[in-house]
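Each reported figure results from applying straightforward, stated rules to the coordinates on display, with no laboratory input. The structure presented is a predicted model; accordingly, all values stated were derived computationally and were not measured. Glycine also receives a Cβ, built like all others from the backbone with ideal geometry; neighbour counts cover every protein chain displayed.
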Amino acid sequence: MGLLSKLFNIKDIKEKINENINSFEDNFDFEEYKKYNDDRINEFKNRYDLTSITGIRSIPVQEARRYPDGGKSVVYMPEQILNRQATEYKKEGKYELAIECLKKANELYPISFYAYTRDNYERLVDMMVLAGWFNEAKKEHKNLNELLGTREQELKKLQNYAVSSNVESRSSYQNRVINPYLEEEKDREQYYWLLENMSEIAPKSFGGYRNMKKKNTNNFQKIVLEVEKQGKKIEQLKFWF
C-alpha cells in the first residue's frame, strides 16, 4: 500500500486507535501501560544491537510487520524505537549512529501498519545536514523525491482529497498548509546553505534562524550583508541539487 493510500485510508487506522483507547479507558493503569511498552522496547533492544552500525543494519525489514494490526501502542513500533534512539544519539553527538537508525526506520516505514508522511523520511536528510554530510544529504533528498515525490506534491494531493471530500476549500488549505510549508522550506534551504558555506555565521539551529529572520534582527542583517559580500542574495540561496 502506498503512502498516500495509507493516508487516505486513515479511517481503519483511526478505528484501531479508538479500539485501543477504549480498551484502556475503563480501568487505565499508567504504570501497567508503561511497563507493557517498556517490556516490548527492551525486548527489541535485546534482540538487536543498537549501539553499533552493524547491529542496526542487521535489523530485517520484516520487523515492521511484527505488529501487523498496529499493536496496542505506537510507542513500541520498531521504527519509533529507532527514531527515539536517533534522537538520543543526536543529543550525544553520535551522528553516525543516529543516521543509521534513521536509515533503518526509512526502510521500515513502507510496510508498517501506521501511515508515515514525506516529512518522516526527510528526518534522515536533516540529520545528515546536522552531521555536516552535505553531499550525502543532497543525494538522499533527491532520491526520496524520486521515490516518494516531494512534500509539496504530497500536500497538493491531500489538498485535492480535502476539496473533493468537502472538508476544506482549496484556497483555505493553500493558505493554511501549503503556503506556510513553502515559506518554511525556503528558509530551511537558506539555513542549510549557510551551514555548508558560511558555518561561522550560521545560527545554532534552524528555529533560531527563522526567529531572527522574522524579527529582522541586527544579527540577521549581518548575515544578509555577509552573503551579499559573496555576490549572492539571501532570498535566492539554493542548497538542494
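Values computed for the structure shown
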read-out	value
Residues (assigned to a helix (DSSP H, G or I), over 11 Å from the mean Cα position of the chain (by Cα) and within 18 Å of residue 136 (Cα to Cα)) located in segment 87-104	90, 95, 96, 97, 98, 99, 100, 101, 103, 104
Test: residue in segment 119-126 that is farther than 30 Å from residue 73 by Cα and either surrounded by 13 or more Cβ atoms within 10 Å (Cβ to Cβ) or not charged (D, E, K, R) (or both)	no
Search result, residues across segment 95-106 that are crowded, with 17+ Cβ neighbours inside 10 Å and either in contact (Cβ under 8 Å) with a residue 40 or more places away in the chain or of a type in the set (Lys, Arg) (or both)	97, 100, 101, 103, 104
Of the criteria (1) among the aliphatic types (A, V, I, L, M); (2) within 25 Å of the chain's Cα centre (by Cα); (3) in a loop (DSSP other than H, G, I, E, B), which one residue 167 fails	(2)
Meets criteria (more than 29 Å from residue 52 (Cβ to Cβ), touching a residue at least 60 places away in the same chain (Cβ under 8 Å) and not in a helix (DSSP H, G or I)) for residue 202	no
Scan of segment 190-205 for residues that are surrounded by 13 or more Cβ atoms within 10 Å (Cβ to Cβ) and more than 13 Å from residue 220 (Cα to Cα), ordered by number	192, 193, 195, 196, 197, 198
Selection from segment 105-124 of residues that are outside any loop (DSSP other than H, G, I, E, B) and under 13 Å from the mean Cα position of the chain (by Cα)	105, 106, 109, 118, 119, 120, 121, 122, 123, 124
Of all residues making up segment 67-86, the number that are surrounded by 16 or more Cβ atoms within 10 Å (Cβ to Cβ) and over 17 Å from the mean Cα position of the chain (by Cα)	6
